Every structure is written in structure tokens, then in C-alpha cells.
Amino acid sequence: MLQVENVRFFTQNGTKRIEIVVRNTGTADATIDRVYVGTTSSNLIARTVEYVGDSHVVAESSTRTMRMNYTWTDGETYYFNIVTKEGMSLPFSREA
């Protein structure tokens, strides 16, 4: 079972980026298959994600950090959905 631990909107070398940290509170590893982002919950688009540690796997009782380029606007709300290969879906939203 994944939970969102932190979402950070930041700029790095002139590029707007989003960092998401998820925690696996379950009793088995979870493999992240896709990460979707959009400006509404109905227009989510799969994004290319960089994984800190180069692994899509979130081991049980651990965290995984993901980063992506995304042109966000301060004060706007963005919608996300993290989908695992095991069939779990984690929809959430955050304000930039």
C-alpha cells in the first residue's frame, strides 16, 4: 500500500520539476508502472519519471523518490495518479 509522503514543486537549472516521495506501508514490494499528471483529474497524462536509485520498486516499509520535468504554475492545483504493476492506484492532488 503506497502513501504520498511529500510533493515538492521546484526549479532546477531553469527547468520546472516536481518531486514525489511515496512510502510503502504494505507487507510486500510495490513496482511503480506509471505516473500520471494533469491540471484536472480527468486529463491525466503519463509522464517520464526519474527514480532516485534507478529503481521502480518501492520495498516494503521504505520510500521511493521520483522526479519529473513539468511546467507548473505557482498556486495552481495539479492532479496525480501513481499506478503499480500489482494493480494499485494512488490518486491525489497538490497545490504548487
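Within the stretch 1-25, being in contact with an Asp or Glu (Cβ under 6 Å, 6 or more places away or on another chain) and more than 15 Å from Phe92 (Cβ to Cβ) holds for one residue alone: Asn24. Determine whether the stretch 30-42 contains at least one residue that is at positive phi, out of contact with any Phe, Trp or Tyr (no Cβ under 8 Å at 6 or more places or on another chain) and without any contact (Cβ under 8 Å) to a residue 24 or more places away in the chain. No: the stretch 30-42 contains no residue that is at positive phi, out of contact with any Phe, Trp or Tyr (no Cβ under 8 Å at 6 or more places or on another chain) and without any contact (Cβ under 8 Å) to a residue 24 or more places away in the chain. Hey, any hits in the stretch 77-92 for a residue that's farther than 16 Å from Arg34 by Cα, open to solvent by 70 Å² or more (accessible area, probe 1.4 Å) and out of contact with any Asp or Glu (no Cβ under 8 Å at 6 or more places or on another chain)? No, every residue in the stretch 77-92 fails to be farther than 16 Å from Arg34 by Cα, open to solvent by 70 Å² or more (accessible area, probe 1.4 Å) and out of contact with any Asp or Glu (no Cβ under 8 Å at 6 or more places or on another chain).
Applying a threshold of 9 Å to beta carbon distances and a minimum spacing of six or more residues, or different chains, the list of pairs starting in the stretch 67-91 at a residue that is modelled with pLDDT under 95 and of a type in the set (Asp, Glu) and ending at one that is open to solvent by 70 Å² or more (accessible area, probe 1.4 Å) and assigned to a loop (DSSP other than H, G, I, E, B) reads Glu86/Asp29. In the set Ala30, Ala59, Ala46, only one residue is in contact with a Ser or Thr (Cβ under 8 Å, 6 or more places away or on another chain) and among the small types (Gly, Ala, Ser); that residue is Ala30. Would you be able to tell me the number of residues in the stretch 24-43 that are open to solvent by less than 50 Å² (accessible area, probe 1.4 Å) and within 14 Å of the chain's Cα centre (by Cα)? Result for the stretch 24-43: 7. Among the conditions (1) under 11 Å from the mean Cα position of the chain (by Cα); (2) within 17 Å of Lys85 (Cβ to Cβ); (3) of a type in the set (D, E, K, R), the only one that Glu60 does not satisfy is (1).
With respect to the conditions (1) in a strand (DSSP E or B); (2) open to solvent by 80 Å² or more (accessible area, probe 1.4 Å); (3) without any contact (Cβ under 8 Å) to a residue 40 or more places away in the chain, Phe10 falls short on a single one, namely (2).
The values are calculated or read from the model by the stated rules, or taken from the named source; none is laboratory data. Predicted model only: the values in this text are computed from it and were never measured. All Cβ positions, even for glycine, are placed from backbone atoms using ideal geometry, and neighbour counts span all protein chains on display. The area values use the complete protein model at the heavy-atom level, side chains included, leaving out ligands, DNA and RNA. Shrake-Rupley method; radii C 1.70, N 1.55, O 1.52, S 1.80 Å.
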